Amino acid sequence: MSTKPRLSLAQIINMSMGFLGIQFGFALQNANASRILLTFGADLHELSWFWLVAPITGMIVQPIVGYFSDRTWNRLGRRRPYFLAGALLTSTALILMPNAPHLATFIAPMFIGGGLLMIMDASINISMEPFRALVADKLPEEQHTLGFSVQTLLIGIGAVVGSWLPYILSEWIGISSTAEGKGLVPPNVVFSFYFGAAVLLSAILWTISTTSEYPPAFYAEKKAEKSVKSKGFYIPRTMWQLLIVQFFSWFALFSMWVYTTPAVAMNLFGTSDPNSPAYQEAGNWVGILFGVYNGVSALIALSLPLIARRIGKRFTHALALSLGGLSFLSFFIIRDPIMLLLPMVGIGIAWGSILAMPYALLASSIPPERMGLYMGLFNMSITIPQIVNGIFGGLILKYFFHGNPMLSLLMAGVLMILGAVSVVFVKEKSPEEGE
């Protein structure tokens, strides 16, 4: 019988290093896409529609990549060809996006920016989905939580630097944060995207060069050993239950990514003009805030397996989501931008758990020979709530919140607490239950 050997911490880090680069680029997008699109002329109430391209492309791309990566084997391996293809495409999109005004001859820059956002997300998803499957491919079940937690650690490190980079280039190095003209992206943001492209490509090449994969024969043997239990396609009960948790969590996160910059600019910097210096200052500060929550997620990542062993994966995730929800609610009473650092700690704890615990809960419930397909399908639990938010979030903001994006963040807090309640009802499978 084939068994997977336990891997050292160094091997798990090498295997997950590419995720650092992916999240570096993802963080640049999350922290800056809203202000870039607003600078290009997008309307605040329609901003969530542009963000729809991210989850829609993810919903389409991830199951397809998962399906084909399960069936791929060439000189690079099984998952690694998709890492490389996604890295090359994402790096190109990162370079082009802040230069959309220079590409606009017949099409408005905001539509070019939206198109590049779509390409960037599709490309990130090509690389991201196989990374989740690779952890389950390579690690024995007892190391799943550690594997996904190491990914969370590296995600946090990449996201901190990616989120802070525009601020660092502006305040520490002296690169201007003022655009050369209306409708143009400030130089500090442009150079941040260039640097992000280089980091993303380098990190994924690191994983490709340091990590091997099990050949198809290994999975064929595993499938033969468990043929009775692996017949047909089914959705495990755990996956169904996690879909509810994921809906609340990712609806809330989408609101944060879309509306934090306009909310902070309007309520704490006193401006709603995306071309004003105060708005750019707010955008730089939001990058710092996003870096903090990502940094916290990195710091707590390796403690998640220890906490989960004591209180279980479900209650670990419920506790983290509760802290995140309360942190969102605290935005309403804070009037000093510096004090916003405090709720970012709670949001960071929630983010770290969201990146690890649902996958750890799920991984032992699905057949190993179809890991890529199931992980791709499960990632629809990330994209569907974002699509729902993208369609209705702007309408809610306009007709129920009267244009105040801070109320969208309060809604995020309520939904994250509902996610904490719903995860308690997830059936947690113990390792002793087998497949």
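The values are calculated or read from the model by the stated rules, or taken from the named source; none is laboratory data. Just so it is clear, the model here is predicted, and its values are computed rather than measured. No Cβ is skipped: glycine too gets one built from the backbone with ideal geometry, and neighbour counts run over all protein chains shown.
Restricting to segment 107-130, what's the tally of residues that are under 30 Å from residue 9 (Cβ atoms), of a type outside the set (Ser, Thr, Tyr) and at pLDDT 80 or above?
Residues in segment 107-130 being under 30 Å from residue 9 (Cβ atoms), of a type outside the set (Ser, Thr, Tyr) and at pLDDT 80 or above: 3 in total.
Of the residues 271, 207, which single one is out of contact with any Leu (no Cβ under 8 Å at 6 or more places or on another chain), in a loop (DSSP other than H, G, I, E, B) and modelled with pLDDT of 90 or more?
It is 271.
Starting from segment 95-106, keep only residues that are farther than 11 Å from residue 197 by Cβ, then list their pairs with residues that are modelled with pLDDT under 80 whose Cβ atoms are within a distance under 6 Å, requiring at least 6 positions of separation or different chains.
Pairs that qualify, where the first residue is farther than 11 Å from residue 197 by Cβ and the partner is modelled with pLDDT under 80, are 100/109; 100/112; 100/113; 101/109; 101/183; 101/184; 103/112; 104/112.
Which of the following residues is buried (at least 16 other Cβ atoms within 10 Å of the Cβ), out of contact with any helix residue (DSSP H, G or I) (no Cβ under 6 Å at 6 or more places or on another chain) and either touching a residue at least 12 places away in the same chain (Cβ under 8 Å) or within 17 Å of residue 116 (Cβ to Cβ) (or both): 77, 86?
Going through 77, 86 in turn, the sole match is 77.
Would you pick out the residues in segment 166-181 that are hydroxyl-bearing (Ser, Thr, Tyr) and buried (at least 17 other Cβ atoms within 10 Å of the Cβ)?
167, 170, 177
Can you spot a residue in segment 175-190 that is part of a helix (DSSP H, G or I) and farther than 27 Å from residue 345 by Cα?
Yes, some residue in segment 175-190 is part of a helix (DSSP H, G or I) and farther than 27 Å from residue 345 by Cα.
With (1) closer than 22 Å to residue 257 by Cα; (2) at pLDDT 80 or above; (3) among the β-branched types (Val, Ile, Thr); (4) buried (at least 24 other Cβ atoms within 10 Å of the Cβ) as the list, and residue 39 as the residue in question, which single condition is left unmet?
Of the numbered conditions (1) closer than 22 Å to residue 257 by Cα; (2) at pLDDT 80 or above; (3) among the β-branched types (Val, Ile, Thr); (4) buried (at least 24 other Cβ atoms within 10 Å of the Cβ), the odd one out for residue 39 is (2).
Name every residue in segment 384-394 that is among the hydrophobic types (A, V, I, L, M, F, W, C) and in contact (Cβ under 8 Å) with a residue 12 or more places away in the chain, in order of residue number.
384, 387, 388, 391
Please state which of the following conditions residue 54 fails to meet, knowing it meets all the rest: (1) aliphatic (A, V, I, L, M); (2) touching a residue at least 40 places away in the same chain (Cβ under 8 Å); (3) surrounded by fewer than 22 Cβ atoms within 10 Å (Cβ to Cβ).
So the condition that residue 54 fails would be (3).
Within segment 274-284, take every residue that is surrounded by 20 or more Cβ atoms within 10 Å (Cβ to Cβ) and at pLDDT 85 or above and give me the one that is nearest to residue 20 (Cα to Cα).
Step by step, filter segment 274-284, then rank; the result is 283.
Hey, residue 151 hits all of (1) of a type outside the set (Phe, Trp, Tyr); (2) modelled with pLDDT of 90 or more; (3) touching a Phe, Trp or Tyr at 6+ places or on another chain (Cβ under 6 Å) but one; which does it fall short on?
With respect to (1) of a type outside the set (Phe, Trp, Tyr); (2) modelled with pLDDT of 90 or more; (3) touching a Phe, Trp or Tyr at 6+ places or on another chain (Cβ under 6 Å), residue 151 is out only on (2).
State whether the residues of segment 121-133 include one that is in contact with a Lys or Arg (Cβ under 7 Å, 6 or more places away or on another chain) and closer than 12 Å to residue 16 by Cα.
yes
Please specify each residue of segment 97-106 satisfying the condition of being surrounded by 19 or more Cβ atoms within 10 Å (Cβ to Cβ) and either among the charged types (D, E, K, R) or at pLDDT 80 or above (or both).
Answer for segment 97-106, where residues must be surrounded by 19 or more Cβ atoms within 10 Å (Cβ to Cβ) and either among the charged types (D, E, K, R) or at pLDDT 80 or above (or both): 97, 98.
Would you confirm whether or not segment 11-22 contains a residue that is in contact (Cβ under 8 Å) with a residue 60 or more places away in the chain, more than 29 Å from residue 286 (Cβ to Cβ), within 20 Å of the chain's Cα centre (by Cα) and in a loop (DSSP other than H, G, I, E, B)?
no
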